[in-house]
Each structure stands twice: as C-alpha cells, then as structure tokens.
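Participant: One structure coming up, written as structure tokens, with questions to follow.
Throughout, read-outs are computed from the coordinates displayed, never taken from laboratory work. Given the structure is predicted, the values throughout are model-derived calculations rather than measurements. Heads up, the Cβs are rebuilt from the backbone with ideal geometry, glycines too, and the neighbour counts pull from every protein chain shown.
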Amino acid sequence: MSERERVVVAIGGNSLITDPDNVSIEAQFDAARETDHHIGELVEQGLDVTVVHGNGPQVGFILLRSELSRHRLHEIPLDVCVADTQGAIGYILQQNLVDDLRARGLERGVVSVVTQVEVDRDDPAFAAPSKPIGSFMDADEAARRRDEEGWDVAEDANRGWRRVVASPRPRRIVEVDAIRHLVEGGFVVISVGGGGIPVVADERGELTGVAAVIDKDHAAAMLARDIGATRLIISTSVEQVALHFGTDRQEWVDHLTLSDAKAYLAEGHHFKAGSMAPKIEAVIDFLEAGGEEAIITTPQQLAAAVAGRRGTRITR
Ligand code: ADP
Ligand code: MG
C-alpha cells in the first residue's frame with residue numbers, strides 16, 4: 001500500500017474545452033494534455049492523485065446528436081449520456097496522463113472507472129427540477145415534449161426553453177470499493193465523471209438509471225471522504241475565490257477557515273448558485289467529514305496552490 005498523500009482533483013469544464021467556438025476532439029485532446037501536465041506535476045511532487053471531471057458540454061453534444069438523428073436512431077437517455085462521456089473523457093485524460101507521467105520517468109498506471117452514483121428517490125430535488133440540459137426549444141416544442149415525453153421544461157433567461165432535470169445529492173458511490181483498491185494499488189484513477197451516472201435502488205437493491213444530473217463537486221467531495229483523501233483540490237476557471245463576486249467590492253481571498261466558508265455561504269450573495277456555491281458546499285462537506293484542506297484554483301496553478309503559494313485554501 002502506498003504511503004503517499006492522497007488527494008482528489010476535480011477538474012472543471014475549462015480543462016477540456018477552452019474555446020467554446022472550437023470544440024473539436026482535437027481541441028479537447030489539446031486542453032486535456034495541458035491539464036494532465038499539471039496533474040502530472042502533482043504526481044511528481046509525490047501525491048496520490050484521483051481525478052474527477054465535469055461533462056456538461058459533452059453531454060449537451062451527445063443530446064444534440066441524438067436529437068438530430070432521431071428519425072434514424074434511438075435517442076440516448078441521460079444516464080447513458082453520462083456513461084458515454086465518462087468513457088470518452090476518461091480515455092482522453094488517461095492517454096495524455098500516461099504519456100505525461102512517462103515523460104517524467106514515472107511508470108504509473110492510469111485507469112478510468114465507469115461510475116454509478118446512487119441518489120435518493122425521495123430527494124427533494126426531484127420535486128423541483130432546475131438543471132437545464134440539451135438544446136434550446138421554442139415554446140411550442142417545449143409544450144409538445146412536456147406532454148408527449150413527460151419532460152420538465154423551463155424558460156431560460158429569455159433565450160428560449162430547455163429541458164430541466166433534478167440535481168439530487170449523491171448518496172453512495174456504487175463502485176467505491178473498486179476505486180479504493182485501484183488507488184491503494186498505486187493507480188491514478190479517473191472516476192465519478194460528471195458527478196457519476198445517477199441511479200436509484202429499488203426495495204431489493206436493484207439499480208436503475210434516472211434522468212438527473214449530480215453535481216460533480218459534491219460527488220468529488222464524497223469520493224474524497226470515502227477514499228480518505230487529505231485534500232480536495234478543485235480546478236476551475238478562476239485562480240481564486242472572491243467575496244462579493246462580480247461587484248465593485250469584489251475581493252480575492254487566499255485563505256478561508258471552514259467557519260468563514262459557512263458564514264459567507266450563508267450570506268448568500270458571495271458565491272453564485274450553480275458555479276461557485278456548489279464548490280463551497282462541497283468543500284464544507286469534505287472538511288466537516290474530516291478532510292484537512294481544500295483548494296480552489298486553475299489547472300495552471302495546481303502545483304503552486306498545493307505548495308501554498310496560489311489559489312484559495314480552505315482549512316478545517
Ligand atoms: P466548473 O466547470 O469548473 O465547475 P463553473 O463555471 O461551474 O466551472 O464555476 C466556476 C465559475 O464560478 C467561475 O468562472 C466564476 O465565474 C464563477 N464564480 C461564481 N461566484 C464566484 C466567486 N465568489 N468567486 C470566484 N468565482 C465565482
Ligand atoms: Mg461547475
């Protein structure tokens with residue numbers, strides 16, 4: 001068993017798509033190569049790294065492709081979209097990371113795990129679906145798909161209508177024992193992609209996929225707790241967390257304590273819903289479950305942040 005410090009690195013959308021006007025597979029490989037380079041730095045520094053990734057845009061592409069070919073092929077349900085992205089994104093990340101580690105003289109195995117995450121059927125999120133997915137529709141099509149397919153739909157900031165799904169809390173990472181064994185065996189594991197494939201259990205424990213989206217930061221915090229990681233590192237598009245974000249009082253912060261983070265989150269206006277707020281909630285969950293430190297920064301600053309020189313650190 002390895003004696004290295006164990007960390008979970010959750011990488012956001014900017015690690016795979018840097019330019020929304022160029023989303024080719026080649027561009028995704030280029031972006032992944034850069035992030036993998038920074039993850040490689042952490043491995044070289046002696047950390048046991050486990051990677052969680054987002055998948056929002058990639059799920060959107062699969063849904064659009066599925067819509068466009070509806071007259072020829074079956075549509076793809078959301079749980080299967082998540083599974084598809086875990087495979088493709090995992091492949092892109094693991095191929096580049098193995099190369100990066102080899103170039104550093106580190107022969108570490110890198111492996112992606114298709115991961116289901118159980119959610120609670122009674123999670124209140126199912127009564128109030130709010131997470132937009134897929135393409136925009138006009139009001140007529142939205143009404144039709146609501147009636148014919150049972151979709152929940154909502155108007156999105158005057159840009160049109162979209163399907164909305166629930167974003168329930170993760171309850172259990174189904175493959176967590178396998179992930180733990182791989183981590184203990186020295187593998188760099190990529191898992192719980194996109195927050196995991198959302199599944200619910202029936203009375204007998206049999207699992208079925210559901211049309212929902214699990215927040216990847218919450219799921220990463222759960223994984224970090226489950227595998228006994230000391231640090232949860234969230235890589236995103238901002239180098240630091242700000243207070244009074246987006247206002248003329250905006251202030252970037254180097255360090256927060258757990259109680260600071262809780263107090264600022266409760267104030268409600270510092271961290272935006274759907275972007276920074278879930279990261280801060282995830283950090284709070286992780287630290288309250290016994291984690292030592294959380295870091296929020298960009299892929300470029302990962303190594304400097306782990307060394308305490310960049311990013312925002314949140315400590316117990
Ligand atoms: P990811 O794909 O990494 O999860 P998100 O877009 O969900 O990325 O979250 C990162 C974004 O959160 C930043 O680009 C920033 O615009 C936004 N954000 C909201 N509130 C804050 C805050 N208080 N401090 C810093 N960034 C914030
Ligand atoms: Mg996000």
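Participant: Apply 1/(1 + (r/R0)^6) to the Cβ-Cβ distance of Asp30 and Asp177, taking R0 = 30 Å, and write down the FRET efficiency to the nearest 0.05.
Facilitator: In this case the efficiency is close to 0.30.
Participant: May I pose another question? In whole angstrom, note down how far apart the Cα centers of segment 217-277 and segment 71-122 are.
Facilitator: Measuring centre to centre over Cα atoms gives 25 Å.
Participant: Among Leu106, Leu63, Leu232, which comes first, then next, by fewest other beta-carbon atoms within 10 Å?
Facilitator: Details: Leu106 13, Leu63 19, Leu232 29.
Placing the least packed residue first, the sequence is Leu106, Leu63, Leu232.
Participant: Suppose each label sits 7 Å from its Cα in the direction of the beta carbon; what would the Glu41-Glu288 distance come out to in nanometres?
Facilitator: For the pair Glu41/Glu288, the computed spacing is 3.3 nm.
Participant: Please arrange His181, His37 by counting, for each residue, the other beta carbons lying within 10 Å of its beta carbon, fewest first.
Facilitator: Ascending Cβ contact count within 10 Å gives the list His181, His37.
Participant: Using a Förster distance of 35 Å, how high is the FRET efficiency between Asn158 and Glu203, based on the Cβ-Cβ distance and rounded to 0.05?
Facilitator: 0.20
Participant: Provide the FRET efficiency to the nearest 0.05 for the Leu265-Glu239 pair, computing r from the beta carbons and using R0 = 22 Å.
Facilitator: Working: r = 20 Å, r/R0 = 0.91.
With R0 = 22 Å, the Cβ-Cβ based efficiency is 0.65.
Participant: Just subtract the alpha-carbon distance of Asn22 and Ala139 from 0.36 nm times their residue separation and send over the number in nm, one decimal.
Facilitator: Stretched fully, the Asn22-Ala139 segment lengthens by 39.2 nm.
Participant: Based on DSSP, what percent of beta bridges with both residues in the chain are antiparallel, to the nearest 5?
Facilitator: 40 percent
Participant: For segment 60-171, what class follows from the C-alpha gyration tensor (a ≥ b ≥ c being the square roots of its eigenvalues): rounded when a/c is under 1.5, otherwise prolate if a/b is larger than b/c, else oblate?
Facilitator: Prolate is the answer for segment 60-171, as a/c is 1.5 or above and a/b outweighs b/c.
Participant: If you take all C-alpha pairs in segment 191-284, what percent of them are over 17 Å apart? Present the calculation step by step, with values, prior to reporting the outcome.
Facilitator: Values: 2543 of 4371 pairs.
Of the Cα pairs, 58 percent sit more than 17 Å apart.
Participant: Please give the net charge around Gly196, taking every other residue with its beta carbon less than 13 angstrom from that of Gly196, where Lys and Arg add +1 and Asp and Glu add -1. Intermediate values should be presented prior to the final figure.
Facilitator: Values: positive: Arg169, Arg171, Arg172, Lys216; negative: Asp79, Glu118, Glu175, Asp215, Asp217, Asp226.
So the surrounding residues net to -2.
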